[in-house]
Amino acid sequence: MKKENLVSVPFMILGIVFCVCLVAANLLETKVIQLGPIAVTAGLIVFPISYIINDCIAEVWGFRKARLIIWLGFLMNFMTVAMGQLAVAIPAAPFWEGEDAFNFVFGMAPRIALASLLAFLVGSFVNAYVMSRMKLASSGKHFSARAIFSTLLGESADSLIFFPLAFGGVMPLSELGKMMLVQVILKTLYEIIVLPVTIRVVCYIKHIDGADVYDKDISYNILKINDI
């Protein structure tokens, strides 16, 4: 196997955390929390971390490795949703009293599940693509600007797909617009707040892993998963 096709321990660890964050975010989305005057889903606690990890992977190992992790995260999310639907469909034991709560968490409506999976794919690939192209254009400089801008575009794409598909026709367009705007702003602020930590993590990984990939002459075809 070619050396560039191998994956390192830091890459593996970030990939695992990435997948866990996605699965956790989907489960946490079932709870609405109050942040001052704003009501948001609890998924906001963990979901932005997946974009931060996406930034780290695209910055250190390039778009091809990010593409692999994004598809792996999609598969893990799909498996969780599918297994949850199966568990909901299987009749509960007569003595068990937690079925309503279990179904509320794991019985995600097909429409919302589809919207969530599609929005994740598009948003994550937009994020990774923008990071990759901006790194080439800036010759590797201005990581902070690249991380913030890629997150802003990725989160915007995610929200523009998820909310209309999941709630279109269910709530007024004005409310949908407010929800999308709030989600994008809060998740981007999240990225900005933890940016000092992200920068240190990226520098540390580059140091110990010896990787700093520039995506020259690569294919951005999202289906070329075997090209790592």
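The values are calculated or read from the model by the stated rules, or taken from the named source; none is laboratory data. These figures come from a predicted structure and were not determined experimentally. Virtual Cβ from ideal backbone geometry, glycine too; neighbours counted across all protein chains shown. Quick note on the areas: whole protein, heavy atoms, side chains included, nothing else; ligands and nucleic acids left out. Shrake-Rupley method; radii C 1.70, N 1.55, O 1.52, S 1.80 Å.
Right, ILE70: open to solvent by 40 Å² or more (accessible area, probe 1.4 Å), in contact (Cβ under 8 Å) with a residue 12 or more places away in the chain and not charged (D, E, K, R) or not? In short, no. Summed over segment 188-209, the residues that are open to solvent by less than 70 Å² (accessible area, probe 1.4 Å) and either farther than 24 Å from GLU155 by Cα or not in a loop (DSSP other than H, G, I, E, B) (or both) give a count of 12.
The listed residues are TYR190, TYR220, and the only one of them that is in contact (Cβ under 8 Å) with a residue 40 or more places away in the chain and either of a type in the set (A, V, I, L, M) or closer than 14 Å to LYS65 by Cα (or both) turns out to be TYR220.
Looking only at residues in segment 10-34 that are open to solvent by 20 Å² or more (accessible area, probe 1.4 Å), touching a residue at least 24 places away in the same chain (Cβ under 8 Å) and hydrophobic (A, V, I, L, M, F, W, C), the one that is farthest from TYR204 (Cα to Cα) is LEU27.
Filtered by the rule that a residue be open to solvent by 20 Å² or more (accessible area, probe 1.4 Å), in a helix (DSSP H, G or I) and basic (Lys, Arg), segment 104-153 gives ARG111, ARG133.
Could you check ALA66 against (1) farther than 23 Å from ARG200 by Cα; (2) of a type in the set (Gly, Ala, Ser); (3) under 17 Å from the mean Cα position of the chain (by Cα) and say which number it fails? The one condition ALA66 does not meet is (1).
Pick from segment 37-67 the residues that are in contact (Cβ under 8 Å) with a residue 60 or more places away in the chain and not in a helix (DSSP H, G or I): which of them is farthest from LYS187 (Cα to Cα)? So, considering only residues that are in contact (Cβ under 8 Å) with a residue 60 or more places away in the chain and not in a helix (DSSP H, G or I), the one farthest from LYS187 (Cα to Cα) is GLY62. Taken together, the residues in segment 165-187 that are assigned to a helix (DSSP H, G or I) and without any contact (Cβ under 8 Å) to a residue 40 or more places away in the chain amount to 12.
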